[in-house]
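Have a look at the structure below before the remarks.
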Amino acid sequence: MALIVQKYGGTSVGNPERIKNVAARVASYRAKGDQVVVVVSAMSGVTDNLIKLAKEIMPLPSEREMDMLLATGEQTTIALTAIALHSIGLQATSLTGAQAGIVTDGVHTKAKIQNITPKQVHQHLDAGNVVIVAGFQGQTQEGQITTLGRGGSDLTAIALAAALKADLCQIYTDVDGVYTADPRIVKTARKLDEISYDEMLELASLGAKVMQSRSVEFAKKFGVIFEVRSSLNDNPGTIVKEETTSMEDVVIRGVSLDKNQAKVTLVGVPDKPGSASVIFKALADATINVDMIVQNISHGSGTPATDLSFTVDKPELLKARKVIDGLKNEVGYREVVADENICKLSIVGVGMRSHSGVAAKMFETLAKEQVNILMISTSEIKISVVAELGKGEQAMRAVHQAFLG
Ligand code: ADP
Ligand code: ASP
Ligand code: MG
């Protein structure tokens with residue numbers, strides 16, 4: 001008898017038929033005597049729709065109220081999944097994130113899990129129930145409902161698997177596993193049998209939304225091995241685990257594209273110590289995640305000044321602009337330019353550590369495609385470039401072709 005945590009994403013619970021399929025799959029594991037904890041997302045499109053509704057009322061709604069609103073999506077699916085299990089004669093109980101003992105900090109819309117006390121989960125499992133937990137949500141110590149950032153049901157599943165010391169953690173989605181690139185964009189992309197935590201983490205943070213990046217970080221920290229697989233068939237998926245020596249033989253594991261980025265440039269920032277510190281401290285205080293940062297000295301006449309560019313997630317652009325506008329007098333920059341018309345293309349692979357010429361090959365491929373590079377950033381196992389949004393998919397296909405065929 002094994003304890004299995006299974007997470008089903010939005011498409012996998014997208015309509016009553018799909019929810020019945022989930023129930024049938026759970027039943028097949030119960031029939032073998034396994035205990036099953038199911039984590040579900042909101043039905044596909046529901047979270048986006050709720051966000052749209054709120055923004056029709058006000059462009060920057062209160063983050064506390066957004067959490068209150070968004071948590072309803074998952075609450076619908078836990079009940080429907082429990083009903084589907086009852087309909088085929090299985091005992092099942094649904095639990096909200098709070099009932100499952102998921103305690104978070106108070107950073108609304110992207111709360112971090114502080115601890116999990118899954119007392120009720122254990123009780124219901126011991127009583128012979130399938131336990132269905134609402135993904136993406138938790139509660140602060142003070143009882144405020146929070147959410148864990150977009151795609152956060154992945155994190156709920158991995159964190160529960162760690163807390164329950166589950167034997168198996170399966171992430172069911174609408175593709176067969178983790179591919180060398182988003183199979184919707186790159187038709188020649190291949191499914192990977194396995195991938196290291198670090199590579200998965202980079203791919204996920206750089207736009208491959210098949211896994212929420214924070215969930216991968218959590219899995220690495222607590223050593224949760226998990227499998228990404230399809231809820232639509234029985235094909236084996238991709239195992240995500242600690243790096244093995246043979247993984248270094250492959251130079252590039254995958255390519256990812258993030259179309260959800262925006263670039264902010266502060267033009268004419270006085271070139272003196274402290275300017276960058278004021279700007280990024282204010283953004284951090286507003287809990288805005290800044291990704292790439294580039295600073296250029298402008299060689300105009302007069303006092304030396306720099307242009308400072310950084311990227312943020314598109315949904316945070318409005319909030320970032322508000323913070324920057326508030327710093328105009330303190331920092332003394334000339335103007336702010338925001339550009340939503342960009343994307344970030346990245347290649348990832350642990351093999352990059354021991355192979356040279358990777359960046360040159362990527363830039364050469366982009367040059368051939370007439371793609372202008374706006375920003376570059378690298379780490380030991382990734383190279384990212386910012387380019388014009390309209391060229392992103394074409395550039396992704398060309399780079400995939402160059403490195404992965
Ligand atoms: P779920 O609702 O199950 O959480 P998501 O939509 O969040 O599913 O993630 C699955 C999607 O991720 C796929 O449909 C696919 O288009 C996209 N995707 C992006 N990059 C990759 C990749 N490298 N491998 C597999 N899927 C990817
Ligand atoms: N429903 C949430 C979202 O759409 C969480 C998830 O699907 O994982 O972001
Ligand atoms: Mg997802």
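Taking a point 7 Å out from the Cα of Gln401 in the direction of its Cβ, the residues of region 159-197 whose backbone N falls within less than 14 Å of it are 186-189. The per residue volume of the convex hull around the alpha-carbon atoms of region 130-264 is 152 Å³. The stretch between Asn260 and Thr244, if pulled fully straight at 0.36 nm per residue, gains 2.6 nm over its current Cα-Cα span. Summary of packing: across the peptides 255-268, 85-98, the per-residue average of other C-beta atoms within 10 Å ranks them, highest first, as 255-268, 85-98.
Computed about its Cα centre, the charge dipole of the chain is approximately 360 debye, with only Lys, Arg, Asp and Glu carrying charge at their Cβ. Across the chain, the mean sequence separation of Cα contacts (distance under 8 Å, 6 or more residues apart), normalised by length, yields a relative contact order of 13 percent. Extents of the chain, largest first, come to 78, 48, 33 Å (Cα atoms, principal axes, whole angstrom). Using r as the Cβ-Cβ distance of His355 and Leu232, and R0 as 41 Å, what FRET efficiency do you calculate, to the nearest 0.05? The computed FRET efficiency comes out at 0.65. In this structure Glu388 has an accessible area near 100 Å², from a 1.4 Å probe over the protein heavy atoms. Centre-to-centre separation between the Cα atoms of region 305-330 and those of region 44-66: 22 Å.
Projecting the Cα atoms of Val278, Leu318, Gly10 onto the charge dipole of the chain (Cβ charges, centred on the Cα centre) puts Gly10 farthest toward the positive pole.
With contacts taken as Cα pairs under 8 Å and at least 6 residues apart, region 137-290 reaches a relative contact order of 24 percent. Projecting the Cα positions of Ala204, Gly45, His122 onto the charge dipole of the chain (unit charges on Cβ atoms of Lys, Arg, Asp and Glu, taken about the Cα centre) puts Gly45 furthest along the positive direction.
Stretching Lys209 away from Ala286 to a fully extended chain increases their span by 25.3 nm, per 0.36 nm per residue minus the current alpha-carbon distance.
Between region 188-251 and region 352-405, what's the alpha-carbon centroid distance in Å? Cα centroid of region 188-251 versus Cα centroid of region 352-405: 21 Å apart.
The values are calculated or read from the model by the stated rules, or taken from the named source; none is laboratory data. Predicted model, so just to flag it, every value in this text is computed and none were measured. Ideal geometry is used to build each Cβ from the backbone, glycine not excepted, and the neighbour counts take in all protein chains shown. Side chains included, ligands, DNA and RNA excluded: accessible areas come from the protein's heavy atoms. Shrake-Rupley method; radii C 1.70, N 1.55, O 1.52, S 1.80 Å.
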